[in-house]
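So the structure is just underneath, and the comments pick up after that.
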Amino acid sequence: MAIHSDWSDWLPRAIASADPDGVAVWYLGCNGFVLKGRGGTTIFIDPYLGLGDPPRIIRMIPVPFESDDVRSADAILATHEHVDHVHGPSQAPILANTGASFYGPDDAVAIARDDEAWPDAYDVSDEQLVEVAEGDSFDVGEFEIHVEPAYDPDASHPVSYVVEHEGGTFFHGGDSRPADSFADIGERFDIDLGVLAFGTVGVMPHRETGTPTVTKWYNDENQLIEAASDLRLDRLLPSHWDMWKRLTADPTVLHHHARSVEYPRRLEIAEIGDRIEL
């Protein structure tokens, strides 16, 4: 399935040409991010360029680039197995063009290796698909990555990632709700910028019957601040609020919810394509 972007290739070119002092972070919309360190190491997390499954699941934001336009990447991290986190047309061409490795928990790697058969369908080797689990740590260039627990009741095996760099520490929670493990993560790491999924409750057609069904996939306002507080985030960046019709939300309301708690110390609002300094 070919992916088309109305944005052409300006975003991959901007990332490739960037020369950050520490770590630059780009928001790709949905739950996708790119991290680039001062040494040039480039990590993608949950990049998704698909359109969803219209008319049930409808993408509300542009496709920010085409996967074939990415020529510089060292790793892709997947937080769990859902299609907007593991998606062959979005991710496999990046692996094929750059030689990057794909890291994810067992069920996410199984989608890539078995269900979508990336080694057969794309120019990707089996060795590029690396299974990780909670408690693992590994280096990708100038970054040290820690695989941590997450709680997503809609996923079979979700994880979160703490990405450490001498320029700062980044946390990506995937689609996790508040988790018992977050207070421990907050004690062990000094997190400068943390990403948590935010959305509203909407009525979606049921996948099998088409019946309108109340659907809640992401944190509401109170859950998001609870998770950020447990993680002791200096800065909270809400994600996913822009993506799906009927589940979109307004992240600026979080200023009111965060006002009376110590963490997060600051709310960072980003739109698709924005660059944030870690």
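Look through ALA112, ALA73, ALA96 and report the one residue that is of a type in the set (A, V, I, L, M, F, W, C), part of a loop (DSSP other than H, G, I, E, B) and farther than 27 Å from THR213 by Cβ.
Numbers: ALA112 fails: part of a loop (DSSP other than H, G, I, E, B); ALA96 fails: part of a loop (DSSP other than H, G, I, E, B).
Matching residue, one of ALA112, ALA73, ALA96: ALA73.
Selection over the stretch 195-214 of residues that are under 16 Å from ASP152 (Cβ atoms) and in contact with a Leu (Cβ under 7 Å, 6 or more places away or on another chain) gives a count of 4. Among the residues of the stretch 64-95, those identified as among the hydroxyl-bearing types (Ser, Thr, Tyr) and surrounded by 19 or more Cβ atoms within 10 Å (Cβ to Cβ) are SER67, THR79, SER90. Residues that are in contact with a Phe, Trp or Tyr (Cβ under 6 Å, 6 or more places away or on another chain) and not aromatic (Phe, Trp, Tyr) were ranked within the stretch 195-226; the one that is nearest to SER260 (Cα to Cα) is LEU224. Can you name every residue in the stretch 48-65 that is of a type in the set (D, E, K, R) and either in contact with a Cys (Cβ under 6 Å, 6 or more places away or on another chain) or in a loop (DSSP other than H, G, I, E, B) (or both)? Selection gives ARG56 alone. Being more than 19 Å from the chain's Cα centre (by Cα), over 26 Å from TRP244 (Cβ atoms) and among the small types (Gly, Ala, Ser) holds for only one residue in ALA96, ALA100, ALA133, and it is ALA96. Output the residues belonging to the stretch 220-278 that are more than 27 Å from LEU49 (Cα to Cα) and among the charged types (D, E, K, R). If the condition is that a residue be more than 27 Å from LEU49 (Cα to Cα) and among the charged types (D, E, K, R), then GLU226, ASP230, ARG232, ASP234, ARG259, GLU262, ARG265, ARG266 are the ones that fit. Residues of the stretch 255-267 include none that is among the charged types (D, E, K, R) and under 19 Å from the mean Cα position of the chain (by Cα).
Can you say whether THR98 is crowded, with 24+ Cβ neighbours inside 10 Å and β-branched (Val, Ile, Thr), as far as the supplied structure shows? Write out each step before concluding.
Details: crowded, with 24+ Cβ neighbours inside 10 Å: no; β-branched (Val, Ile, Thr): yes.
Taking the combined requirement at face value, the residue does not satisfy it.
Matching residues to (1) small (Gly, Ala, Ser); (2) more than 27 Å from TRP7 (Cα to Cα):
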site	(1), (2)
ASP180	no, yes
GLY202	yes, yes
LEU231	no, yes
GLU277	no, no
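Rule-based calculations on the coordinates, nothing more; no lab input. What you see is a predicted model, and the numbers here were worked out from it, not measured in a lab. Glycine gets a Cβ as well: all are built from the backbone with ideal geometry, and neighbour counts include every protein chain shown.
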